[in-house]
1. Only helical DSSP H runs with n ≥ 4 go in: add -39500 (n - 2.57) per run for the chain, normalise by residue count and round the 222 nm mean residue ellipticity to 500 deg cm²/dmol.
2. In the set [x] 27, 25, 22; [y] 32, 25, 16; [z] 63, 25, 19, which value of semi-axes √(5λ) of the Cα gyration tensor in Å was calculated from the structure you see?
3. Can you tell me the accessible area per residue over the stretch 149-293, all protein chains present, probe 1.4 angstrom, in square angstrom?
4. How large a share of the accessible area of the chain, in percent, is made up of carbon and sulfur atoms when the probe is 1.4 Å and the other protein chains stay in place?
5. Cut-off 10 angstrom, C-alpha nodes, Gaussian network model of the chain. Which of R172, R65, R218 fluctuates the most?
6. In the chain, if the dipole is taken from +1 on Lys/Arg beta carbons and -1 on Asp/Glu beta carbons about the Cα centre, which of L234, L15, A200 is farthest to the positive end?
7. Go ahead and collect, in residue order, the members of the stretch 291-327 whose backbone nitrogen is under 12 Å from a label point 7 Å along the Cα-Cβ direction of E242.
8. For the chain, with a Gaussian network of springs between Cα atoms less than 10 Å apart, report the residue from H18, H64, H296 with the top mean-square fluctuation.
Amino acid sequence: MTTTPVDARPHLASLLQHVPALAGRCRMHPRTEAAGREVLRWAEEAGLTDTPAEVRRLHALGGHRMAGRVFTDSSDDKLVLFARWLTWVVLLDDHWDERSCPAPGQIDHTYDRLLQVVDHDREPVRADPMEAAFTQLWLVTAARMGPAWRERFRAHLELNRLSTHWEARARRTGRFSPLAEYPRHRRVASASFIFDAGEAVLGTELSPALMALPAWSRLADAANDVSTWMNDVLTLDKDQREADLSNYVLAARYHRRLSLPMAVSWVIDRIADRERDLTQAARALPAAYRDLGLSHGAARAASKVACAYLALPHANLEWICEAPRYRLSPSGASGAWPRDWPRP
């Protein structure tokens, strides 16, 4: 049995060579496949599988296997809840991709409706399936969370609106944004509110004092950056074919006037730097807990959230390499399947 993913992606070997922390295999929650069946039942009941295309998309997504790698020791109901959140977030991303260049008004309408749910804890009038599913997730997730958490989730949802506008504007104009903008926008484009949902799934609410610590911000940002930039490397061929101007590699090639292989290397070097930042930030947390005077229980709860951040990049890499949504070629044929991985 091999210890690293076996995949057809041309840049995977270079990525693992330069970022060895991403090699090896993630642990998987023992009830992951059962969670996947629960997610599919939920999606069907929520009206997210009303067309054959939607059914194919759901089966190709496999969000439960991402959740199973991040929440390896959670209870079954929490695993299912986070898998549902991941599924919904990816479907939202697909919603914008299907529209290619959504108008600003379309984007604002969608986010205004979601914010109504967050502000009033109820489903909007004449809710579509995506809005109804979001309402279900929100009511369950926010039930035991306080005002500060709710406000943070709301703020991150607003940031996701702005990043959606950013991506749509790039597609509409056919112009790359300045390279310096990419880390910030790609960070929130990956739906940073999903991390707030993960916090609630773990049954803890981080204090504002902890959230304000530089060490915590570095941890969260580095985990997000590594995961997002790695996604851009591994999905480069697809993004290049679709002229996706939000891909960091393509932006680096354009702005720095690099060949495509050199742009890939440049981004991989940045991923390696951010992975080191992630490790250093994690090592700084115990001292930060002591400085804040956190109790043993509060520090342990915060560490569970920190461990989820640390698991995110590796879990995302394995998910991208196995999920059918990322393995389909333009002709519809799947790429090479990792030999030692179970099929979904």
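1. Computed mean residue ellipticity for the chain: -22500 deg cm²/dmol.
2. It is the one labelled [x].
3. 43 Å²
4. Ligands and nucleic acids excluded, carbon and sulfur give 52 percent.
5. Maximum among the listed residues: R172.
6. Final value for the positive-end residue is L15.
7. Answer for the stretch 291-327: 325-327.
8. H296
The values are calculated or read from the model by the stated rules, or taken from the named source; none is laboratory data. Predicted, not measured: the structure shown is a model, and the values here were computed from it. Counting neighbours? That spans all protein chains shown, and the Cβs are built from the backbone with ideal geometry, glycine included. Surface accessibility is based on the protein's heavy atoms, side chains included, excluding ligands, DNA and RNA. Shrake-Rupley method; radii C 1.70, N 1.55, O 1.52, S 1.80 Å.
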